[in-house]
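The values are calculated or read from the model by the stated rules, or taken from the named source; none is laboratory data. Since this is a predicted model, take the numbers as computed values, not measurements. Cβ coordinates were reconstructed from backbone atoms using ideal geometry, including for glycine residues, and neighbour counts include every protein chain displayed. When the accessible area is computed, the model is the full protein with side chains, heavy atoms only, and any ligands, DNA or RNA have been set aside. Shrake-Rupley method; radii C 1.70, N 1.55, O 1.52, S 1.80 Å.
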Amino acid sequence: MSDGATDPNGLLVLIRHGETPWSRVGRHTGVTDLTLTDRGEQQARDQGSMLRGHRFAMVLCSPRLRARRTSALAGYPDPAIDEEAVEWDYGGYEGITTKQIIEMRGGEPWDVWHNGVIPGATPGETPEQVQARAQRVIDKCTDCLRQGEDVLLVAHGHFLRMLAVTWAGLPIEAGAILRLETGSVCELGYEHDRQAILRWNCPPDPRVDFS
């Protein structure tokens, strides 16, 4: 973990699940419950190597299979399942790519941060609804962090980006510039007692010590 000598608070470590068949080709995956590809499983093992068995006061995980499998392969087989940590409900954009969405919109530019989603088999969520979930997850971690204990959260790309901007007090739209690859590891913490993004989108590399 980052050097906490100048700050007594704990760290909130985020890991995005490993690659899935849909993430590999850019298909938006919200409620669809997919497992990992072989590459995704190796990414999860490498995440575990980076964390070096670090003991977290709390491990939270999305209930989706891809997140639970990542947590287990990373060395944390019994996380607390948090329904609030699921991926954005993409509604009518579930299972399709950004390119396809733009084509559906007649070529009009689109991203989920500025334009949201449309209803489909599920209602979809607004950015504000996803941010509210992210804040509730942060609230669950606060006591541990303020006691100097570290927390691990295993979840999804857009949700973790929303959580990061919420943590840092940035506008929702700032999530658009926080690229987050499958299998990546991030670290949120404090800088002079202000909530800060300490490390972001670190690729799964067993040579890197994140503990």
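I'd like to check something: does the range 19-39 contain any residue that is open to solvent by 10 Å² or more (accessible area, probe 1.4 Å), out of contact with any Leu (no Cβ under 9 Å at 6 or more places or on another chain), assigned to a helix (DSSP H, G or I) and of a type in the set (Ser, Thr, Tyr)?
We begin by selecting, within the range 19-39, every residue open to solvent by 10 Å² or more (accessible area, probe 1.4 Å); these are 19, 21-29, 31-39.
After this cut, where a residue has to be out of contact with any Leu (no Cβ under 9 Å at 6 or more places or on another chain) as well, the list is 24-29, 31-32, 37-39.
Those still in the list that are assigned to a helix (DSSP H, G or I) too: 24-25, 38-39.
Next, only the ones that are of a type in the set (Ser, Thr, Tyr) stay: none.
Scanning the range 19-39 turns up no residue that is open to solvent by 10 Å² or more (accessible area, probe 1.4 Å), out of contact with any Leu (no Cβ under 9 Å at 6 or more places or on another chain), assigned to a helix (DSSP H, G or I) and of a type in the set (Ser, Thr, Tyr).
Picking from Met50, Met58, which residue would you name as being in contact (Cβ under 8 Å) with a residue 24 or more places away in the chain and either aromatic (Phe, Trp, Tyr) or open to solvent by less than 30 Å² (accessible area, probe 1.4 Å) (or both)? Before you say what the answer is, go through the steps one by one.
Working: Met58 fails: either aromatic (Phe, Trp, Tyr) or open to solvent by less than 30 Å² (accessible area, probe 1.4 Å) (or both).
Just a single option satisfies the conditions, and that option is Met50.
Could you check the range 88-105 and list, in sequence order, the residues that are open to solvent by 20 Å² or more (accessible area, probe 1.4 Å) and of a type in the set (Ser, Thr, Tyr)?
Passing the criteria: Thr97, Thr98.
If Arg194 satisfies all but one of (1) out of contact with any helix residue (DSSP H, G or I) (no Cβ under 8 Å at 6 or more places or on another chain); (2) open to solvent by 50 Å² or more (accessible area, probe 1.4 Å); (3) in contact (Cβ under 8 Å) with a residue 12 or more places away in the chain, what's the number of the condition it fails?
Of everything listed in (1) out of contact with any helix residue (DSSP H, G or I) (no Cβ under 8 Å at 6 or more places or on another chain); (2) open to solvent by 50 Å² or more (accessible area, probe 1.4 Å); (3) in contact (Cβ under 8 Å) with a residue 12 or more places away in the chain, Arg194 misses just condition (3).
Starting from residues that are assigned to a loop (DSSP other than H, G, I, E, B) and either modelled with pLDDT under 95 or of a type in the set (S, T, N, Q) (or both), keep the ones in the range 106-142 and report whichever is most open to solvent (accessible area, probe 1.4 Å).
Just the residues of the range 106-142 that are assigned to a loop (DSSP other than H, G, I, E, B), to begin with: 106-111, 116-117, 119-126.
Checking which are either modelled with pLDDT under 95 or of a type in the set (S, T, N, Q) (or both) leaves us with 122, 126.
Details: Thr122: 36, Thr126: 62 Å².
In this case the residue turns out to be Thr126.
What's the total number of residues in the range 25-44 that are within 18 Å of Glu87 (Cα to Cα) and among the polar types (S, T, N, Q)?
Number of matching residues: 3.
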